[in-house]
Amino acid sequence: MRGQKKASKEKEKVEKNNGALIDEIKQGMKGAEYLCDDGIATALYLADELNKPILAEGPAGVGKTDLAKAYSRYTGLPLIRLQCYEGLDEAKALYEWNYKKQLLRIQADRTEGTSWEDLEDDLFSEEFLLPRPLLRAITNEGRVVLLVDEVDKADVEFEAFLLEVLSDFQVSIPELGTVDARQMPFVVLTSNRTRDLSEALRRRCLYLYIDFPEVSRELEIVRLRVPGIAEDLARRVIAVVRYIRQMDLKKVPSISETLDWATAVKVLGRDVIDEELISSTLSLLVKEQKDLEKVQASLKSLARQALE
Amino acid sequence: MEIDERLLDFIGKLRAAGMHVSLAESIDACEAVRVAPLEKMDIFRSALRATVVKNEMDYPIFDAVFEDYFLGAEALAAPPEDEPGGEDSEGTGSMTPAELTEMLRDALEHGSMDELAALARMAAATIGQMEGGFGRGSRPLAFMAGSGYYMFRGMEMLKYARLSAELQEMAADGEIMPELPPVLAAEELRERIEFFRRALEREIQRQLALERGEEAVSRTRKLPVRPEEIEFINASVRQVDDMRRILPSLARKLAARIARRQSEGRRGRLDIRNTLRHSISSGGVPIDVKYKKRVPAKPELFILCDVSGSVRTFSTFTLQLVFSLHQQFKAVRSFAFIDRVDEVTELFKYCDVDEAIERVYREGVLVDGDGHSDVGRALDLFEKEFSGELTPRSTVLILSDGRNNARDPRSEALGRIARRSRRVYWLDPEPAERWDTGDSIIGIYEEHCHAVQEVRNLKQLADFVYRRA
Ligand SMILES: Nc1ncnc2c1ncn2[C@@H]1O[C@H](COP(=O)(O)OP(=O)(O)OP(=O)(O)O)[C@@H](O)[C@H]1O
Ligand SMILES: [Mg+2]
């Protein structure tokens, strides 16, 4: 299905100018409940055209992870996710031998008296291989979206290994030989910058910094993700959130908090946002205790933001 | 020029501005431009940015060079023709500054971006006529002023700072764009204010370029500096924000570097005697090599910082950095001074550094006199009150530009401080070539310090901390 789409796209490009193609991505992503600006849509377009991974960096909760998920919903390509963490290694990311199954096989075989050579060949065949996300992404029949989430959490050694995989989409399994990708996956890496990633990895990727959205885009995201919210209420929600964002806090609210709060306010069925409402729902917006205290102290001016 | 050639030329400009762009990335950029639409400037820019800028910190440099190269050049090739009050029709020069300011107020309040751009052209022409140097029939200027000069004069002529402040106040009271809640109106307004400023800057550059040729102008343009290279002593408010943004990551990196060095050095030197003693059990063969345990010499820091206006930014950042590295030190005590000195260690435990310094100012324990720093007096007071607590483990850091407003240096006090402690370092945020000029008497103090170090920006600060931590 993807193949067809691609072939017809070549033709399309002659007729359409590319600006229209970017708009098409924006429309498609919107259908998958994700609002792109020009920068994000262009990165998606290029990643597809040039077959390069996207490295998305930015503060927490601005839609880095959801970018990959939404792209999978939009294109219909299956999503494979590799969540990174400290200590993640090849065994967990690429493949492992299913040693329990191997042991069972050895025990079953003892009675039959097969030679060790034959047994060994058998034990290290695909049957006993446990493919992990990277291998699954490479060997999948059709093209997939591979999300390598929070790379910055993985160790430097793992990053180097990942770089190798991303360079040739080919892995070697000593017992089985080299496995080539059947189709290049569409790769999205995300990072919260808890540490700097290597230059080599950056060079290999298209880079996309996702920041907090502008007013108009954030408003649109709220409309899209909290359907049925009154226009007026949506504006007031955004006004309050953006005011808090300007305060000097440990962790300012991001899009996920905006959405949570907008939903809550809508569900509560209130049409004015007053001090009392903000105060009772504040923990949806601000998580750190010290920050909460700070914001509680300026409820008055916050509530004023929500009035005209 | 072919597009590829132009791109490579552009990438050359990026490199000249200090960005690192690899060959592979240049190739990616060419390919991206081939598949990405050129008709829309935004998309063209996004495509280039995704392929050659691999760190958000370089976005400002990229944007500046891009605007210069593509928008500036484009504007040069096709100067706008039929603008309202175009150069031939009504003669823009006849507009008075006051009239311009009024039109501008109107456009900022409820005009379109196009109107703002048109006004920027008119304002630039007026500036050229008033100041001389460019524009129709303007007198030649005695010196080659850069666009920065004209911007400065233009902002003055339009009373832009006051105008923006007034409008912002109105926005906060909900008197502008009443259809939006006040914060959104304020944000929208801020964008417009910034838009006009940049439009005016570009227009001045364009008109200057018409007068003098492109090359001459691009030499006078100032490119943004990387946040770690911004000078503490002339940082603008926006630059201070940029620096604040990168500080946590800088501190993390620094801590990691220091930790790595400590773990490398942990084994310490070979302990020959101990190794030989153990070799007896293996018939004299030194199988079990012994090392001397390295005593991690964690210093006890006394930071004495000048927080008077000129060096305040520098002191704040240094304190912030030191605090985020506090595990690397045995103890950190801090003292602030202007013409008096007071310990502020406790204060910093409860507030952010910024907040703490704000409080230090408000509570006014540091100033007896006129608010200018008196380094000599501060040193003297510090020595009298606190030097009893210095030990041979103490490292004293003094953060100041050593500008003593012609007061008594009292350097003997520093001498006594130095004798009681392990090391005294003086960090001066001014460029070394300005030391000992004017009222800087850093040379007099230098005799008593282990080193006087120039620390103009975050980069030099991090280097210093790494070497001495
Ligand atoms: N452009 C957007 N359009 C629609 N929804 C969005 C958009 N950006 C973010 N969201 C929503 O905001 C929430 C947070 O997004 P996501 O989890 O992708 O953030 P993240 O950047 O990965 O954060 P973290 O760094 O914490 O992992 C999700 O519910 C996501 O759907
Ligand atoms: Mg995420």
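The values are calculated or read from the model by the stated rules, or taken from the named source; none is laboratory data. Small disclaimer: the values here were computed from a predicted structure and weren't measured. Virtual Cβ from ideal backbone geometry, glycine too; neighbours counted across all protein chains shown. What goes into the accessible areas is simple: the full protein's heavy atoms, side chains included, and nothing from ligands, DNA or RNA. Shrake-Rupley method; radii C 1.70, N 1.55, O 1.52, S 1.80 Å.
Residues are listed down the side, and each one gets a yes or a no for (1) more than 16 Å from ligand 1 (Cβ to nearest atom); (2) closer than 14 Å to A:Leu94 by Cβ; (3) more than 13 Å from chain B (Cβ to nearest Cβ):
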residue: A:Phe158; (1), (2), (3): yes, yes, yes
residue: A:Glu175; (1), (2), (3): yes, yes, yes
residue: A:Asp211; (1), (2), (3): no, no, no
residue: A:Leu219; (1), (2), (3): no, no, no
residue: A:Arg225; (1), (2), (3): no, no, yes
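Among the residues of segment B:393-421, count how many are open to solvent by 80 Å² or more (accessible area, probe 1.4 Å) and at pLDDT below 90. Spell out how you get there, then give the answer.
To start, the set of residues in segment B:393-421 that are open to solvent by 80 Å² or more (accessible area, probe 1.4 Å) comprises B:393, B:406, B:408, B:412, B:416, B:419-420.
Restricting the remaining residues to those that are at pLDDT below 90 gives B:393, B:406, B:408.
Going through segment B:393-421 one residue at a time, the tally reaches 3.
Can you say whether A:Val145 is at pLDDT 85 or above, within 25 Å of A:Leu77 (Cβ to Cβ) and within 16 Å of ligand 2 (Cβ to nearest atom), as far as the supplied structure shows?
Yes.
Quickly run through segment A:157-202 and pick out the residues that are within 16 Å of ligand 2 (Cβ to nearest atom), open to solvent by less than 40 Å² (accessible area, probe 1.4 Å) and farther than 21 Å from A:Lys69 by Cβ.
Matches in segment A:157-202: A:Leu197 only.
Need at least 1 residues that are under 22 Å from B:Met177 (Cα atoms) and away from ligand 2 (no atom under 16 Å from the Cβ) per element, so show me which helices (runs of 4 or more DSSP H) inside segment A:203-284 make the cut, counting only ones lying wholly within it.
Working: elements: A:215-225, A:231-246, A:255-267, A:275-281.
In segment A:203-284, the matching helices (runs of 4 or more DSSP H) lie at A:215-225, A:231-246.
Could you list all residues from segment B:309-341 that are out of contact with any helix residue (DSSP H, G or I) (no Cβ under 6 Å at 6 or more places or on another chain), hydroxyl-bearing (Ser, Thr, Tyr) and surrounded by fewer than 24 Cβ atoms within 10 Å (Cβ to Cβ)?
B:Ser310
Please work out if B:Ser26 is in contact with a Lys or Arg (Cβ under 6 Å, 6 or more places away or on another chain) and either at the interface with chain A (Cβ under 8 Å from one of its Cβ atoms) or modelled with pLDDT of 90 or more (or both).
Values: in contact with a Lys or Arg (Cβ under 6 Å, 6 or more places away or on another chain): no; either at the interface with chain A (Cβ under 8 Å from one of its Cβ atoms) or modelled with pLDDT of 90 or more (or both): yes.
For B:Ser26, the condition - in contact with a Lys or Arg (Cβ under 6 Å, 6 or more places away or on another chain) and either at the interface with chain A (Cβ under 8 Å from one of its Cβ atoms) or modelled with pLDDT of 90 or more (or both) - is not met.
Where in segment B:1-66 are there helices (runs of 4 or more DSSP H), lying wholly inside it, with at least 2 residues that are farther than 19 Å from B:Arg198 by Cβ? Steps first, please.
Numbers: elements: B:3-16, B:23-35, B:41-52, B:59-66.
Ranges flagged: B:3-16, B:23-35, B:41-52.
So which residues in segment A:86-141 are among the small types (Gly, Ala, Ser) and over 20 Å from the mean Cα position of the chain (by Cα)? It would help to see each step written out before you state the result.
Filtering segment A:86-141 down to residues among the small types (Gly, Ala, Ser) leaves A:87, A:91, A:93, A:108, A:113, A:115, A:125, A:137.
Once the filter is applied, which keeps residues that are among the small types (Gly, Ala, Ser) and over 20 Å from the mean Cα position of the chain (by Cα), segment A:86-141 yields A:Gly87, A:Ala91, A:Ala108, A:Gly113, A:Ser115, A:Ser125.
Checking A:Leu46 against (1) more than 14 Å from chain B (Cβ to nearest Cβ); (2) closer than 30 Å to A:Arg225 by Cα; (3) away from ligand 1 (no atom under 16 Å from the Cβ), which test does it fail?
Result: A:Leu46 passes all but (1).
Would you tally the residues in segment B:300-310 being modelled with pLDDT of 85 or more and not in a strand (DSSP E or B)? If you could, list the steps in order and put the result at the bottom.
Start the filter on segment B:300-310 by keeping residues that are modelled with pLDDT of 85 or more, which leaves B:300-307.
Add one more test, that the residue is not in a strand (DSSP E or B), and what stays is B:307.
Of the residues in segment B:300-310, 1 are modelled with pLDDT of 85 or more and not in a strand (DSSP E or B).
I'd like to check which strands (runs of 3 or more DSSP E) are fully inside segment A:36-115 and have at least 1 residues that are away from ligand 2 (no atom under 16 Å from the Cβ). Before the answer, list the steps.
On the way: elements: A:54-57, A:79-83, A:95-97.
Where strands (runs of 3 or more DSSP E) fall fully within segment A:36-115 and carry at least 1 residues being away from ligand 2 (no atom under 16 Å from the Cβ), they are A:95-97.
Of the numbered conditions (1) open to solvent by 20 Å² or more (accessible area, probe 1.4 Å); (2) modelled with pLDDT of 85 or more, B:Leu104 fails exactly one; give the number of that condition.
Checking B:Leu104 against (1) open to solvent by 20 Å² or more (accessible area, probe 1.4 Å); (2) modelled with pLDDT of 85 or more, the one that fails is (1).
Among the listed residues A:Tyr243, A:Tyr207, which satisfies the condition of being hydroxyl-bearing (Ser, Thr, Tyr), modelled with pLDDT under 90 and surrounded by 20 or more Cβ atoms within 10 Å (Cβ to Cβ)?
Values: A:Tyr207 fails: modelled with pLDDT under 90.
The unique qualifying residue is A:Tyr243.
Output the residues belonging to segment B:154-185 that are assigned to a helix (DSSP H, G or I), open to solvent by 20 Å² or more (accessible area, probe 1.4 Å) and at pLDDT below 85.
Once the filter is applied, which keeps residues that are assigned to a helix (DSSP H, G or I), open to solvent by 20 Å² or more (accessible area, probe 1.4 Å) and at pLDDT below 85, segment B:154-185 yields only B:Ala172.
Take A:Ile229 and tell me if it is modelled with pLDDT of 90 or more, farther than 30 Å from B:Ala256 by Cα, more than 16 Å from ligand 1 (Cβ to nearest atom) and not assigned by TED's automatic domain parsing to the domain that holds A:Glu33.
Values: modelled with pLDDT of 90 or more: yes; farther than 30 Å from B:Ala256 by Cα: yes; more than 16 Å from ligand 1 (Cβ to nearest atom): no; not assigned by TED's automatic domain parsing to the domain that holds A:Glu33: yes.
So A:Ile229 does not fit the description; no.
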